[in-house]
Amino acid sequence: MKTTRLFCLLIIVIAVSSCAFHSGIMNDSASLHGQDFELLGMAEGRSSTTHVLGIGGLNPLGLVAEAKRAMYNRYPLKKGQAYANISVDFKRSYFFLVNTTTAMVTADIVQFGEEESEELQSLFKNGVAMMNLIELNKNVEIGIMVNGELRKVNMIKMENTGHRTVMDSSGNVYSKIKSSMLYDLREGAMSKDGVFSVGNKVRFITSIASGGKSGESIGIVMGISERYVAIRNELMLLQVPHSDVIEVVK
């Protein structure tokens, strides 16, 4: 009886205990020797996966790629900038039969030369990093505008040119889709400046065909892309530049 109680107590201790192990590597990706540069800050991206009895999740290389894309998305580089001193750290946590692996990629953001530019590098300007992250995140809903209709689509593949091939719920396939044409449809998804989000009622500028005059209208934000906002007013669904959204209407 006493042995049984000790065994049960041991099982409970193991079940409620946990531990973690850390490891990492560092690589000097950008040469800083003899260069005129300034250190602007540090970029970071994370990804994690959980295994139960050793089943499930991504392999370490997949985690690193996902964390790197997250870093690209959060800290896009401008002209004259580079990532330096890139490091990859792993944290493995164990809790009874469940273990979690987290990969974190960090890098110094370096500005070469004295002149700073506000223009993003081509990779980040085209939104490749952001959309790669969206492709990996199954919780993100994306859509495209087709004949004045915002259609929810699933990503099929990304071509070498950076274009996407997507398919809507009716099985229609659309190819050569630029990342800037993809809308984030998630409720609460924010605009780049954080002023409005999907689901908000907003006042915006509309173009009137006759005479080329402009007016104002009020509608609901249905989706947000890199350049445009899909807004539905009383008459139709409109594609409106971010700059033409005036304010959120309470």
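Rule-based calculations on the coordinates, nothing more; no lab input. Predicted, not measured: the structure shown is a model, and the values here were computed from it. Note that each Cβ is placed from the backbone with ideal geometry, even for glycine, and that neighbours are counted across all protein chains shown.
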Exercise for the section: Take the Cβ-Cβ distance between Ser180 and Glu234 as r, set R0 to 25 Å, and report the resulting FRET efficiency rounded to the nearest 0.05. Expected result: 0.35
Handout entry: Linear extension gain, Ala65 paired with Ile156, 0.36 nm per residue minus alpha-carbon span
Key = 30.9 nm
Completion exercise
Counting sequence-distant residues (5 or more places) and residues on other chains, those with an amide H built under 5 Å from that of Val249 are Lys201, Val202, Arg203
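Tell me the net charge near Met167. Cut-off is 11 Å between Cβ atoms, Met167 excluded, with +1 for each Lys or Arg and -1 for each Asp or Glu.
Numbers: positive: Arg151, Lys152, Lys157, Arg164; negative: Asp168.
Summing Lys and Arg as +1 and Asp and Glu as -1 gives +3.
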Exercise for the section: Pop a pseudo-label 7 angstrom from the Cα along the beta-carbon direction at both Ser207 and Ser48 and give the gap in nm to one decimal. Expected result: 4.7 nm
Handout entry: Val249 versus Ser93: modelled label distance in nm, points set 7 Å from Cα along the beta carbon direction
Key = 4.5 nm
Fill in the blank from the handout: Once amide hydrogens are built 1.01 Å from N within the peptide plane, the residues lying 5 or more places from Val195 or on another chain with amide H under 5 Å from its amide H are none
Fill in the blank from the handout: Which residues qualify? For Arg186, with a placed amide H closer than 5 Å and at least 5 residues away or on another chain, they are Glu141
Practice task
Starting at the first residue of the stretch 222-230, write each ³J(HN,Hα) from the Karplus equation 6.51 cos²θ - 1.76 cosθ + 1.60 with θ = phi - 60°, in whole Hz, x for Gly and Pro.
Solution key: 9, x, 10, 10, 5, 10, 10, 10, 8
Exercise for the section: Output ³J(HN,Hα) for the stretch 178-192: one whole-Hz value per residue in order, computed from phi by the Karplus curve 6.51 cos²θ - 1.76 cosθ + 1.60 with θ = phi - 60°, and x for Gly and Pro. Expected result: 6, 4, 5, 8, 8, 9, 7, 9, 5, 4, x, 4, 8, 6, 4
Completion exercise
Of the listed pairs Lys78/Lys178; Lys78/Lys157; Lys78/Lys152, those with alpha carbons more than 22 Å apart are Lys78/Lys157; Lys78/Lys152
Handout entry: Inter-probe distance in nm under a simple model that places probes 7 Å from Cα toward Cβ, at Asn85 and Ala189
Key = 3.6 nm
Exercise for the section: Quick one: what are the phi-derived ³J(HN,Hα) couplings along the stretch 239-244, Karplus 6.51/-1.76/1.60 with θ = phi - 60°, whole Hz, x for glycine and proline? Expected result: 9, 10, x, 3, 5, 8
